[in-house]
Structure formats: C-alpha cells, structure tokens
Number of protein chains: 2
Amino acid sequence: MAKSPVLAPRSEDFPRWYQELVNKAELAENGPVRGTMVIRPYGYALWERMQQGLDARIKDAGAQNAYFPLLIPQSYMTREAEHVEGFSPELAVVTHGGGKELEEPAVVRPTSETVINASFARWVQSYRDLPLLINQWANVVRWEMRPRLFLRTSEFLWQEGHTAHATYEEARDYAARIHRDVYTDFMVNVLAIDVVPGRKTPRERFAGALNTLTLEAMTGDGKALQMGTSHELGQNFARAFGTRYLSREGNREFVWQTSWGSTTRMVGALVMAHGDDDGLRLPPRLAPVQAAVVAVKGDEPVLAKVREVADLLRAAGVRVQVDDRVDTPFGRRAVDWELKGVPVRVDIGPRDLEAAPEHGGTATLVRRIQGSKEPVRVDVLPGLLPGLLEEDQATLLRQSGELRARRTSQVRTIGEAADVAAAGGWARIPWAAVGSEGEDELAARSATVRCLVAEDGSVPESDDAPGTMALVARAY
Amino acid sequence: MAKSPVLAPRSEDFPRWYQELVNKAELAENGPVRGTMVIRPYGYALWERMQQGLDARIKDAGAQNAYFPLLIPQSYMTREAEHVEGFSPELAVVTHGGGKELEEPAVVRPTSETVINASFARWVQSYRDLPLLINQWANVVRWEMRPRLFLRTSEFLWQEGHTAHATYEEARDYAARIHRDVYTDFMVNVLAIDVVPGRKTPRERFAGALNTLTLEAMTGDGKALQMGTSHELGQNFARAFGTRYLSREGNREFVWQTSWGSTTRMVGALVMAHGDDDGLRLPPRLAPVQAAVVAVKGDEPVLAKVREVADLLRAAGVRVQVDDRVDTPFGRRAVDWELKGVPVRVDIGPRDLEAAPEHGGTATLVRRIQGSKEPVRVDVLPGLLPGLLEEDQATLLRQSGELRARRTSQVRTIGEAADVAAAGGWARIPWAAVGSEGEDELAARSATVRCLVAEDGSVPESDDAPGTMALVARAY
C-alpha cells in the first residue's frame, strides 16, 4: 500500500512544502507580533548544535564572546551614512520606558556595529590592544514585510563578529579567514551543504562595507540562499566613532574593521537543501538525535531491549533517543521520525527478541538518507552505526554538489541568465557581461547576482579581477 | 614595601569597591542607554560557564530549550491581573516598526509567561502532552531607575523555565526540584556560595504566583542577594490564556504551571560573595582560567618553558592561560591576575630554568585563595594542581558559610531585626513575630524578609507552618 503524502509534494509547490515541513516537524511557528517566530524545541536543538559548531570554530580563530546592549540610542544609527540608509526602513523603535516617554528614542539593534564601536573607541588605545576580536550571540530585530519562518523573520538569532585591526591587510585577511575557516568549513563539513563561497557585487554589499564575502547555498528548487557574510568595513565606523590607536611609531591611526554574521536562517537552509517529500533529512554530524531506537509494540521485554540497545549505541558515541510511546501507533511515529529527518531508526518488536538470541536478538535498521530498510543483528549495531552515519554525511554533501552541478548553466547574456533563474537554476555568466546596468535588468526579472567567483572557484580579490564569473539566481 | 591598594577598601565603601572591581577586572561597563550594560569578554566568560553548568542541570531535569519572541503584544501583558500590575512600571514599549506607527504597541519582554502561554495553549491538547518542560536562554528588559552593573540593569540575560503539569502536586514538586537540583546544587557546588534556600512571603512573591522559592546569598558586607527563584504559578496563566488538556477521564482541565529563572546578577553575586581587597576570587570549578602560567621576564627559553608547562597542565585537565605579555611589567600583570581572581598563578623566570633541571626546572606557585606563594618543582605540578584547585573550591564554600554564620543573629523583635540588618547582618526571627504588618515596619527601615525557612533549615511547605523562621536583611 502506497502511503498517503504527509507534505505537499516538493516539486509542485516548494514554498508550501517548506511551510508544512517546518510546521509538522515541529521546528517553528509564527509568534503573535507580525513576522516574529517561536522556535520549538526540535528546531532550537538544531540551532544549538549550529551554535556549538560555529562557536568552537570562532574561538579557534581567536575571537572572544561578549555581550552588548539590545537598545541603541537612535542618534548612534545615523553616525555612519550608508549604515543608517541601509537599516532605517527596518528599525523597531522604543519610545517609552519605565512609564515615561524617553528623551531620546532607542532602536532595538538590527546589528551592533554602532554600539560596539562606542565600546571599541574606549577599549582600543594602543597597537598592543590590537587585534581586538569579539563575537556576540544575540537576537536582532529587522522589521520584515514578507516574513517566512527561519528565512526572513522580524526577529532572528545570530552571531555577529566585530574586529579591529592595525592595518587594511590584517582586516582583509581576517574577514577571509572567518569566511573560510568558520563558515565554509562548518557549512560544508557539518551541514553537508556544498556552498559556493564568493564575493558580493558593490550593489549587494552590507550597508557601510568595502567588501562583503558570502556563501550561497542551492535550495531544492534551484534558488539561492545566503548562508553567512563576512565584511571588510574599512575605516568607516572607526571614523564615525573615533576608534583610533597609537601606533608603534607614535601616530594616532584609525583602526581597520570587520564584521561577520550567521543566523537562524541556516535552519531554513538545512530544510531547503536536504529535505525531501517525506520531510527533513539531517546530516548526522549536526543531528541532535542520530538514531531513534523505537519499540514497535509495547510489552516489557521489548521496552527493556530498546533501553539496552540505546545504552549500547550511546556507549559507541551515538546520540540516541528512545521512542517508547507505545500508546501511539507505530506508523504514526515512523512518519514523525521521517519528518524530523533522524538519520537512523532502529525498530525493535516482539519477534526480534526471539531471533538470533546468541547475537543479542535482531532489529530493523531504517536509514533515512539511503532510503534502506534491513534486518540487523543487535550485537553488530554499535560497531556498525558510526561508520554508516559518516557514510550518510558524505552522501548528503555529494547530493548537494550534484544538485548544484545539475541545475547550474553556463550562459552568455543577461536574458539567458534571467531565464535560467526563472526556471529554477543558477546561471554562470562572465561578470564583465553584467556590470551594474545588467544588475538592474536582472532585478527587473527578480534575479540577482548572488556572488562573484574566479574561474577556478576561488574568491576574487577585487570586483574587476579578470575572468571573474557572476552566479545569477533567484533568492530566498 | 606594602603595595598600594588597587581598589577602594571593601570595609570602607563596599559599593564603591564593587564598582571599581567590576571595572578594573574588565567584567562590564555601562551601555549608552541608561541602565544597560556591556558585558566584556572576561565577564561574559563567567556567564558562559554559568550557562553551561545550569543548562546541563536543566536538561537533567528533563526540560528542553526553545525560543520565544522578544516582542509581545501589549494586550497580552494585561490578561493576567497581578502580572500586569507587577510589570507595568518597568516596560519598554515599541511604538514604531518598519517606518510606521504600529497598530498595537509591542512591549519588549520583561519575562515570557504571556507569550509562552499563547504557545502552550496550542501545544497542550491531551494528558499525553504533559508535563511540558521548556527552558529559554534570552535577554529581557525591565526599566531600571537605580541601575548597578550585573545586579540591577535595564536589560539582563537569563534563563527562564516554563512548565505545564496535569496536577497541582506535580507542578509544586517540579518547582521544588528545580530549586533544589538545579539552583541550589549549582550555587553551592560550583559557585561555592553557601546560599539559603527558602520560601518568599506572600508580599515578596512573583507577580501572579501562588508560591515563590528563592535562594539568598550573603554579600561581603552582610546584605542579601536573591540568586534565583522558582515559582508555582497555579492555574492563573492557564485561565488567562485558556491552556487546557483532555484528562484520561475525558475532562477538559486547566494545566498547573511553574516558572523559574536565574540571571546575569549571579556574576555580581560572585563578586560580592567572594571578592576581597585585591579583587575577585573565583571558585575553580567556575573559573574560565584556573591557572595563569606567567613569563616573569622574556627571553625565548623562558617563553618555551612557559608553553611547555601550560601544555602539561592542560593535559592534566586544568584550564590554562599563558601570559607572555613581557612588554608589560610583571608587577602590573600580577595585579591584573589577582583582580581577575584566577585561582592559581605559575610564575616562571630565568632562574627557574637553571634550578632542579632533573625535575624540569622550578616555578613559583601563587595561590589566590589560600594567599600562599612557594617554589615548586615543575615535574610535580600537573599531579599537584587538580587537588589544590579542589581544596580552593572547598575553602571558598567554607568561608562563605562562616561569613553567614558570623553575621547572622537570632532576634525576637522587629526592631532588633531592623537593627541587625542596618548594621550589615542577617536576623533570624520567628515568622509569627513578623507577619505582614511587621513587613511594613521592616520596609520603613529598608529591610525585608528575604525568605522563610523551617527551624531545621529546610523549606517550609506553607506560609504558616509551625516553627517557621524569617530571615531579615537589607538586599541588593
């Protein structure tokens, strides 16, 4: 009997499929204020694992965590001209506090460059204080007119790094290091998404930056999703806030800065990159639960065996959850584990206890990513599973790369690029054939240059490096 | 030569000493919006370690993390009568978003009972969905007229737990479990503060609660500091938000709820409980850096030895930081490590390389908590240090208990209690001798009943249990 579909088919209505998956896998739901989001425990567990993976890499890159205030005096936002222009339309403004109208309204941070520079200007005195490498895990608010859970929400969670350096070169290299060793490494090796690292065009840069590095992921419907950005801020904020240091030579110099961020939209990206018609598929290195050990039916010997197998797997280093909710029909629970994308299910029923007792009994091993289902001896499971999970991890990354290769086309004109994007794909086109006027034409057809890459796939060192290619797509 | 004091002496001006310590140890500083706080990297590292310790205990108690929106519709706040009364004077109100005036203003959450209940009302359908055990790590805003870094700030960081249960008894027991297994356990065994667990009087309860459990710490000047609270909310929020479940018997019943929180004020408490005239003293189980390995002077063989010793100590499981800032005079760095309260310093200079080469050389072991300084052979250090750190941990806890015993007096009248509090101490007085009128008298003399305890030190099961004692003090 073919099972009835749990979700709207991905191929028919991708946005609806996404919405239903986020809802039915209990990842998130809408909050009461327009555009806000409640992140449910399973969705938050994904975010927590992302935080852990990124935080370790950020600390390896030498940055320290700190915390800056949510509320920023409105006047701070206007000090850097491009910055205020970029963020003004999205600000949430606090006008009353403690029962009174405030003398100066405060904005809820849309990002923390301004308030952090107010501190940096005090903390940085001498070259000995540099580099100053700070990261913050926080919530930010950017009013969102067309919200979509995880991808665009009026409040989101993120980390934002902010650094100050003595020279342009050091700042440029640090922005590139974060882009490579933190973001690309994490997204490829943990999220199993074959992202394209590249450079934004001047038009698509962060408000107030000299240069923005990005990572673009392909979604299941051939669109693009920006996964994280790392900015060279130059000296713009330093000049606006007076952040200067005394050099070894005794001169007072403005610092060179970077900022870089990644957000809860990564959870949405994970869904859009790896999900299928049955739900989410989680890369094992990220999965909060790598293996669900499921009691098919509920007498005590089965439950005891389930607990025993779970303990064996935990001892082998596998993140395990026991499913002993035998009041709920097995079929419904199986569908739920598929929706939630848990890589491996180990089903145990009464008959498994009698089979192969000299090998601890049997179980049914159901692999979400390979789509396989086979009987297995319990005594071999702990030795087997870690290897299978690494195989699943590699499969997802390979599929992500194959998807991108299949849906990327080399084109020569802007019209062709826009056609490819409209059909659900990425177009590769020489950047020299686009230019800023070409970007206007693309925008008119709902496409953008997602990033610039060198012909060999590396990140171009400048906007006009010879041979630079533009990747064009529609974006979430 | 006696060293000149780095801080205002604690005995002369405790609040000034606190302010100077927080500043000079680089824990935090004021933010630009009144009452807000910048938590600097060293202060944030303390908070991160607190988060880790509490989060593990919260998960052991079965709760899962989730995230709810920062912005709450103003109308939500008014649904529970006592709640709105408690929080109205402290609210920050967002009136504009995305460039427009909002149809309904939103408040920045002062706590999340209301917005969480809006979700709980959807998530809880049947007895199978209970208990629902949720925790959130977040920032909250309560407008503060008399701010003090960490202790009272307009924005602070915290965890807030929110749970729903089928029966009164289950909710009551869970609130008590969090109070005991999460808060008391963490504060005694990690923070090394000999807190008093007790029950708040009706007057001091959380706005909308049936019962509030608290933990009170004694500060170095004999005042009290509330360290965390766990509330029985009864069915007040469930009625206000319609949070009901279908019982096994087929009836629609309101759930019974708890909420519980601990905040960044714990960092301030740590300073006030353990600090001395030279700075902070950190319990080793919490300390982000347990041992600083310091190059006294700077030729390469010394720096090589410092790195070698640091690696040996790391391999022994000690959290180590190398201090090779030889451009800065040793004396200044030594003062800085004392200010920061790092439990152990291992100083290595040129002469140490020549001494006892068959034992890997020597070092000077400086212990912050014991106040000792002695030469030590490098080869015994890795075996020695973990035990010394545990000894330091026990010393701080013992001193905290001794302080409290020394400055607590048994009294019989409200006047005596207020005198004890005014002189910098805690008064123990029979609760029957106080009552709510007595609380008015105490308030007029700036003192409060911090909590109610049973004569044997346990937490009373009701407000009027026979033999209940009140602890009276001034509070931060």
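No value in this document is a laboratory result; all are computed from the given coordinates. From a predicted model like this one, the values you see are computed outputs, not experimental measurements. Quick reminder, even Gly has a Cβ in these numbers, built from the backbone with ideal geometry, and neighbours come from all protein chains shown.
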If R0 = 35 Å, then residue A:316 and residue A:405, at their Cβ-Cβ distance, give a FRET efficiency to the nearest 0.05 of 0.50
Quick calc: nm separation of the 7 Å Cα→Cβ label points for residue A:299 and residue A:465 -> 6.8 nm
Sequence order, region A:246-261: Karplus ³J(HN,Hα) from phi using 6.51 cos²θ - 1.76 cosθ + 1.60, θ = phi - 60°, Hz rounded, Gly and Pro as x, gives 8, 6, 4, 7, x, 9, 8, 10, 6, 6, 9, 10, 9, 9, 7, x
1/(1 + (r/R0)^6) with r = Cβ-Cβ of residue B:373 and residue B:419, R0 = 35 Å, i.e. FRET efficiency to nearest 0.05, evaluates to 0.25
Distance-filtered residues of region B:150-189 - backbone nitrogen under 13 Å, label point 7 angstrom along residue B:251 Cα→Cβ: B:167-168
Take every residue in peptide A:97-103, count the Cβ atoms of other chains within 10 Å of its Cβ, and give the average of those counts. 6
Suppose you put the label 7 Å out from Cα in the Cβ direction; list, shortest first and in nm with one decimal, how far residue A:350 is from each other copy's label. 8.4
What is the average number of partner chain Cβ atoms found within 10 Å of a Cβ in B:122-135? 1
Förster radius 45 Å - calculated FRET efficiency between residue A:173 and residue B:129 (Cβ-Cβ, nearest 0.05): 0.30
Inter-label distance, nm, simple model (7 Å from Cα along the C-beta direction), residue A:380/residue B:16: 7.7 nm
Report the label-to-label distance for residue B:443 and residue B:146 in nanometres (one decimal), using points 7 Å from each Cα along the Cα→Cβ vector. 1.4 nm
To the nearest 20 debye, what charge dipole does region A:31-263 have about its Cα centre, counting +1 at the Cβ of each Lys and Arg and -1 at the Cβ of each Asp and Glu? 160 debye
With an 8 Å cut-off on Cα pairs and a minimum separation of 6 or more residues, tell me the relative contact order of chain B in percent. 14 percent
Report, to the nearest 10°, how far helix B:168-177 tilts away from the longest principal axis of the Cα atoms in chain B, using its own Cα long axis and a range of 0 to 90°. 10 degrees
Helix A:330-340 against the longest principal axis of chain A: what's the angle in degrees, Cα atoms only, rounded to the nearest 10? 20 degrees
What average count of beta carbons from other chains do you get within 10 Å of the Cβ of residues in A:25-34? 5
By the scheme Lys and Arg +1, Asp and Glu -1, what is the net charge of all other residues having a beta-carbon under 11 Å from that of residue A:430? +1
Can you list, shortest first in nanometers, how far residue A:203 lies from the same residue in the other copies, with each label 7 Å from Cα toward Cβ? 6.8
Summed side-chain charge close to residue B:130 - residues other than residue B:130 whose Cβ falls under 12 Å, Lys, Arg +1, Asp, Glu -1: 0
For region B:406-473, what class follows from the C-alpha gyration tensor (a ≥ b ≥ c being the square roots of its eigenvalues): rounded when a/c is under 1.5, otherwise prolate if a/b is larger than b/c, else oblate? oblate
Could you pull the copy-to-copy label distances for residue A:319, with points set 7 Å along Cα to Cβ, in nm to one decimal and sorted shortest first? 2.2
Mind checking which lysines have their Cα closer than 27 Å to the Cα of residue A:100? Skip sequence neighbours fewer than 8 apart in that chain. B:100
Tell me, A:338, B:441 in order of fewest to most beta-carbon neighbours within 10 Å? B:441, A:338
Count charges around residue A:449 for me, please; just the other residues with Cβ under 9 Å from its Cβ, Lys/Arg as +1, Asp/Glu as -1. +1
For residue B:60 and residue B:391 in the same chain, what is the full-extension length gain: residue separation times 0.36 nm, less their Cα-Cα distance, in nm? 116.5 nm
Taking the number of other C-beta atoms within 10 Å as the exposure measure, put B:205, A:146 in order starting with the fewest. A:146, B:205
What does DSSP give for region A:406-473 in terms of the percent of beta bridges that are antiparallel, rounded to the nearest 5? 75 percent
Among the lysines, which have Cα under 22 Å from the Cα of residue B:305 when same-chain residues fewer than 8 positions away are ignored? B:297, B:373
In this structure, among B:24/B:59; A:59/B:340; A:24/A:223; B:200/B:223; B:59/B:340; A:223/B:59, pairs with alpha-carbon gaps over 27 Å are B:24/B:59; B:59/B:340; A:223/B:59
Helix B:381-406 versus the longest principal axis of chain B: what is the Cα-based angle in degrees, 0 to 90, to the nearest 10? 50 degrees
Which whole-angstrom value gives the distance between the alpha carbon centres of region B:225-296 and region B:70-100? 23 Å
